1. Of the residues that sit in the stretch 109-128 and are outside any strand (DSSP E or B) and in contact with a Lys or Arg (Cβ under 8 Å, 6 or more places away or on another chain), which one is nearest to Thr203 (Cα to Cα)?
2. Among the residues of the stretch 25-51, count how many are more than 30 Å from Ser143 (Cα to Cα) and modelled with pLDDT under 70.
3. Just name the residue that is nearest to Lys301 (Cα to Cα) out of those in the stretch 241-269 that are in a loop (DSSP other than H, G, I, E, B) and acidic (Asp, Glu).
4. Which of (1) over 19 Å from His269 (Cβ atoms); (2) in contact with a helix residue (DSSP H, G or I) (Cβ under 7 Å, 6 or more places away or on another chain); (3) part of a helix (DSSP H, G or I) is the odd one out, the single condition Gly175 does not satisfy?
5. Filter the stretch 184-204 down to the residues that are small (Gly, Ala, Ser) and either touching a Gly at 6+ places or on another chain (Cβ under 8 Å) or without any contact (Cβ under 8 Å) to a residue 60 or more places away in the chain (or both) and list them by number.
6. Taking the criterion of being in a loop (DSSP other than H, G, I, E, B) and under 16 Å from Trp201 (Cβ atoms), would at least one residue in the stretch 271-293 satisfy it?
7. For the stretch 290-318, give me each residue that is at pLDDT below 95 and hydrophobic (A, V, I, L, M, F, W, C).
8. Within the bounds of the stretch 184-207, is there any residue that is more than 18 Å from the chain's Cα centre (by Cα), surrounded by 22 or more Cβ atoms within 10 Å (Cβ to Cβ) and of a type in the set (A, V, I, L, M)?
Amino acid sequence: MTRTFNNWILVSLTFAFCFAWAETPNPQSKGYLQSGSGTFNYIRSNAGDQKVIPIHYYRPNNFNADSRVIMVIPGAGRNAWSYRDAWIEASERYNLLVLSPHYSEQDFPRFWSYNLAGMITDVTIDRKKMAISHFKLVNQAVSWLYQDFDAIFHQVKQKVSLSATHYDMFGHSAGGQILHRMALFHPNNKAHRILASNSGWYTTANFSQAFPYGLKNAPLSESDLPLILKQKLILFLGEKDNANETRGHLVHNVMLDQQGTHRLARGKHFFKKAKQLAQKKSLKHQWKIHIVPNVGHDYRKMSAAAANYLYGSETDRL
């Protein structure tokens, strides 16, 4: 990247994260991370600025050291508890520990603090064009949300003695935006399979279009592409999240409508552009695209489909 991954590691050491844990009352349990639903607090500390991130979890009844972990990233409603609940059935069926972080509007206001993972600040919106006209890039990678996910996984792993060395991820809508950008800008992660579902818009693999709509002046370079394209990223799209879908807020402007005029089209466009870039650079492209039939912008149905896609067979799809 423009500031290489090695430099980012040095920055990470300089601005080390501190983590603390506190159980919130859970009528189903009296101890740490007991069976059923609950919440613990992850303390995000960066350069002296601390924020409490509640992690809504579900621990299945047959939980053991070999249980797998799915991290679920909510949409713009930031309703981590509801997203967690959408995975309860799958948690029991497939022996999954579900972790869903809640980034509040108070601590992470506006879409650039969440959808764009805190990569930009001092944002100005051109209301006539409905587009970002000015921003300041946050170059310290440890400030971005992506860094949190490995940290949350590591702390849980230590607390409950998990044998897992990685975790899967599912993010819907705004959560899908976070995850496809994580694949682009934070490929050094412990995530195994990353399902980015029904994103409203994308940072396209196009070095001629300016960030955040494309990769021009973005915090990466073409030399990072081999690692980025090795990510096990799956564009997980609802077949009916198309021009007839009325749920969710979909932004339209000149730049975004080049990606398509609805979420399904934009997801296909993002995948196509990445594949074309890989072919142009003679690079291996490991990303995949999966269309879920008869589902629109519905995180509960997409969650159920994602659970089946990831865990319905013991054979990994990637």
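1. Residue satisfying both the conditions and the ranking: Leu116.
2. We begin by selecting, within the stretch 25-51, every residue more than 30 Å from Ser143 (Cα to Cα); these are 26-31, 34-36.
Still in the running and modelled with pLDDT under 70: 26-31.
Summing the residues that are more than 30 Å from Ser143 (Cα to Cα) and modelled with pLDDT under 70 in the stretch 25-51 gives 6.
3. So the residue we want is Asp241.
4. Among (1) over 19 Å from His269 (Cβ atoms); (2) in contact with a helix residue (DSSP H, G or I) (Cβ under 7 Å, 6 or more places away or on another chain); (3) part of a helix (DSSP H, G or I), Gly175 violates only (2).
5. Ala196, Ser197, Ser199, Gly200
6. So far as the stretch 271-293 goes, no, none of its residues is in a loop (DSSP other than H, G, I, E, B) and under 16 Å from Trp201 (Cβ atoms).
7. If the condition is that a residue be at pLDDT below 95 and hydrophobic (A, V, I, L, M, F, W, C), then Leu318 is the only one that fits.
8. no
The values are calculated or read from the model by the stated rules, or taken from the named source; none is laboratory data. Fair warning: this is a prediction, and the values are worked out from it, not measured in the lab. Positions of Cβ are backbone-derived with ideal geometry, glycine not excepted, and every protein chain shown enters the neighbour counts.
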